[in-house]
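Worksheet for the structure shown next.
The values are calculated or read from the model by the stated rules, or taken from the named source; none is laboratory data. The structure presented is a predicted model; accordingly, all values stated were derived computationally and were not measured. All Cβ positions, even for glycine, are placed from backbone atoms using ideal geometry, and neighbour counts span all protein chains on display. Remember, those area values only see protein heavy atoms, side chains included, never the ligands or the DNA or RNA. Shrake-Rupley method; radii C 1.70, N 1.55, O 1.52, S 1.80 Å.
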Amino acid sequence: MDPSRWATALGSAARLIRGCAAAIVAQTPGESARVEASWKVSTSLERAIVATAPLSPALPAVWLLGVARAFTTNALFGSKEVRNSLWHKRVLRPEGLDDVAILTISKSARSFSMLLIARPHTAGPYVPQDIAKLSALAPYIRRATAIAQLLDYMPLAHHCTSAAFDPMRVGIILTNPSGKILHANTAGEKLLDGCALLCLEDELAARENHGNSLLRQAIADAGRGRSTCSRRGPPIIIKGCGTKSLAVWVAHIDERVRLPVGVSRCARVAVFVKAFDTAERSPAETLLRHHPVSIAESWLLSLLAQGLSLDRAAQALAISMPAARVGLARILRRTDIHDEAELIARLTGRPALIAA
């Protein structure tokens, strides 16, 4: 999933079937192709792949025929027909290549992506055993690329309150509704060090009991389709060893995210994590550093911080106004804040308006 490792992974897949170059290519009809990752693909070959994508024999095979298994251009169309095609003359022949193994990675109504592994002319065409090996790898390649896309899906990153979302420092951990860790980016893996967060029997957990209770409840709620985080809402503060603490947001991964990237339906929850003691700390984070609140109270705080009135917030949370008032009173008591106006000022960092 780490982009820096894709070249190595593609090289391993290519060598398995005696290929000499590999690339993941994304294509949208009517638009130019994009090489997302590659291994031993020269600059001239990449340019040729992009420029001649509409001429590729793989285009009708993937787009119209819906080929699900790996295939080769020579086996599907015939070696003579392929060698006489403009695509072969402009892309393969100048690079000394002959046959190409192709695996469809993802396909939607508007775009698709595929893995291309080329073999040099001197090695001869692929044989069925080669394609069987590539087909066996297909589920793993599709899952890895789908998750890589999801981890780079920037609209999800907007849930974080940090003004400058840095994926190198913000951990993204994907779980199922019960909290089982399915995937994590590099930053997320580093944060599972046991100081504040840890992987406990494959499940995401917090070291400190109160934080673990909040985290588990947030994951369960998000798994049911209810996210506890918003762009400006307060995070869950997970206390760690010594002075180390983490700010955590938990988001539901809905169909609008899962379908475009083709991610497994098992991943229903995205957990965003960043070090609490950073320069990007929000006013809400500062407030909750010493005044932890429950998940239900954090929902109310999140909506109030976004400018909703208590009445509107109650409607959004599907609770009665008396319940909302009780929740607000509890928050004010826990944070030692006098009234709602002062609370909003503390959450947003803006001065409270004082009535004349």
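Miscellaneous remarks
- Tabulated pairs, region 38-51, first more than 15 Å from Arg119 (Cα to Cα) and touching a residue at least 40 places away in the same chain (Cβ under 8 Å), second open to solvent by 60 Å² or more (accessible area, probe 1.4 Å) and assigned to a helix (DSSP H, G or I), C-beta under 8 angstrom, 6+ apart or interchain: Ser44/Pro94; Ser44/Glu95; Ala48/Arg90; Ala48/Pro94; Ala48/Glu95
- Residue list for region 298-320, restricted to those being assigned to a helix (DSSP H, G or I), open to solvent by 60 Å² or more (accessible area, probe 1.4 Å) and modelled with pLDDT under 80: Arg312, Gln315, Ala316
- Residue in region 171-187 that is modelled with the highest pLDDT, counting only those that are more than 12 Å from the chain's Cα centre (by Cα) and closer than 19 Å to Ile237 by Cα: Gly179
- Counted residues, region 124-145 - those being open to solvent by less than 40 Å² (accessible area, probe 1.4 Å), modelled with pLDDT of 85 or more, assigned to a helix (DSSP H, G or I) and not charged (D, E, K, R): 3
- Residues of region 200-224 satisfying the condition of being under 16 Å from Arg268 (Cβ atoms) and exposed (fewer than 15 other Cβ atoms within 10 Å of the Cβ): Asp202, Arg224
- Residue match in region 266-278 (condition: buried (at least 20 other Cβ atoms within 10 Å of the Cβ) and modelled with pLDDT under 60): no
- Listed here are the strands (runs of 3 or more DSSP E) enclosed by region 179-221 that have at least 3 residues being touching a residue at least 12 places away in the same chain (Cβ under 8 Å) and in contact with a Ser or Thr (Cβ under 7 Å, 6 or more places away or on another chain), and there are none.
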